[in-house]
Amino acid sequence: MICGIVDVGSNTIRLSLYRCEAEGNHLLMHRKVMAGLASYVEGGRLSAEGVQVVCHVLTSYRALLDNLGIEPMYVFATASLRNISNTEDVVAEILAETGLTVDVISGEEEAALSFRGALLGITHDSGLMLDLGGGSTELLEYEDRAILSACSLPIGSLNLFNRFVSKLHPTKEECKAIQGEVEAQLRKAGVELRPAAHICGVGGTVRAACKVANHFFARPADCRVLTAEELRQLVKRCKRMDRETIQALLKVAPERIHTLVPGLLVLDTICQRCGGTDITVSACGVREGYLHKRVLGEKEHE
């Protein structure tokens, strides 16, 4: 079976095409649109313009799969549609315009699905999984590859940028405000992170952070581990945002140039809170988890 999985996120809308076989699942193709849906939220509601952005991208993905002769396309949404007040209306409008049903998953389920996907590439049996998106951050503590606790925080790289950054890059004061908000959300959620030397990082911001670190520290391009000290150096360098740093970001992660620093501040604050020594970037995450549990799992019980 070949099927498409679409992840409607707060920053990106991604399509992943998988071939599912008895011996395993293989990623055949990946497409990404930087939709920036968090920027279309007004008064807690996703605007009509934002809804049209979603419909346009989903329609283009459906047309692509139709041209390839592929029928199943599963669509789910995370904080992009979960953390708005007009979720039901938006989902109904998307269905009416595209014929596609969007499965809006909870923060806890997102964390569990991200973990299920990340298990495919996790090398440490115990630690902390951090899924950093554009509109939310999921934290999941695990031991012997079993979940101990999970929570979702309503903070992400894009909504923090929208809320706290007045220009393209945050000032020193704005950086402090972002770090303060991360701490405040951890307290509000009652999160008391256990010591965790190893962090499994999931999401586009974490992948971009590692790519930028590989460039700055002259590491192999396929390196997927970022130490806590390297993260601190990266945060300091990106806070300065001098011409050399800007040029490097434009080469390595141009689509993240405005959201990278807010994302790094989330990552660094949580890393310090749990005493993390290193972050391993997972190649898999919520889409793979959704494929395994919600798509293939449902078929197993049919």
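Structure above, values below:
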quantity: The chain, relative contact order [Cα under 8 Å, separation at least 6], %; calculated: 19
quantity: Summed residue charge, Cβ within 12 Å of Thr59's Cβ, Lys/Arg positive, Asp/Glu negative; calculated: -1
quantity: Rounded to 5, percent antiparallel among DSSP beta bridges of the range 99-201; calculated: 80
quantity: Area accessible to solvent at Cys210, 1.4 Å probe radius, in Å²; calculated: 10
quantity: Formal net charge of residues neighbouring Gly4 (Cβ-Cβ distance under 12 Å; K, R +1; D, E -1); calculated: +2
quantity: By average C-beta atoms within 10 angstrom, highest first, the peptides 231-241, 147-157; calculated: 147-157, 231-241
quantity: Point-charge dipole on Cβ atoms (K/R +1, D/E -1) for the chain, about Cα centre, debye to 20; calculated: 1260
quantity: Accessible solvent surface per residue of the range 33-114, calculated while the other protein chains remain in place, 1.4 angstrom probe, Å²; calculated: 45
quantity: Estimated FRET transfer efficiency when R0 is 25 angstrom, pair Asp125-Arg187 (beta carbons, to 0.05); calculated: 0.30
quantity: Among beta bridges that DSSP assigns inside the chain, antiparallel share in %, nearest 5; calculated: 70
quantity: Dipole magnitude (debye, nearest 20) for the range 207-257, charges at Cβ of Lys, Arg, Asp, Glu; calculated: 120
quantity: Accessible carbon and sulfur surface of the chain relative to its total accessible area, %, 1.4 Å; calculated: 51
quantity: Sorted peptide list for 118-125, 133-140, 9-16, 105-112, criterion being average Cβ within 10 angstrom, highest first; calculated: 133-140, 9-16, 105-112, 118-125
quantity: Accessible-area value, Tyr74, 1.4 Å probe, nucleic acids and ligands omitted, Å²; calculated: 60
quantity: Value at 222 nm in deg cm²/dmol, rounded to 500, when DSSP H runs of n ≥ 4 in the chain each add -39,500 (n - 2.57); calculated: -13500 deg cm²/dmol
quantity: Largest to smallest accessible area among Thr78, Thr59 [probe 1.4 Å]; calculated: Thr59, Thr78
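The values are calculated or read from the model by the stated rules, or taken from the named source; none is laboratory data. These numbers were taken from a predicted model, which means no experiment stands behind them. Ideal geometry is used to build each Cβ from the backbone, glycine not excepted, and the neighbour counts take in all protein chains shown. Calculation scope for accessible area: heavy atoms of the full protein, side chains included, ligands and nucleic acids excluded. Shrake-Rupley method; radii C 1.70, N 1.55, O 1.52, S 1.80 Å.
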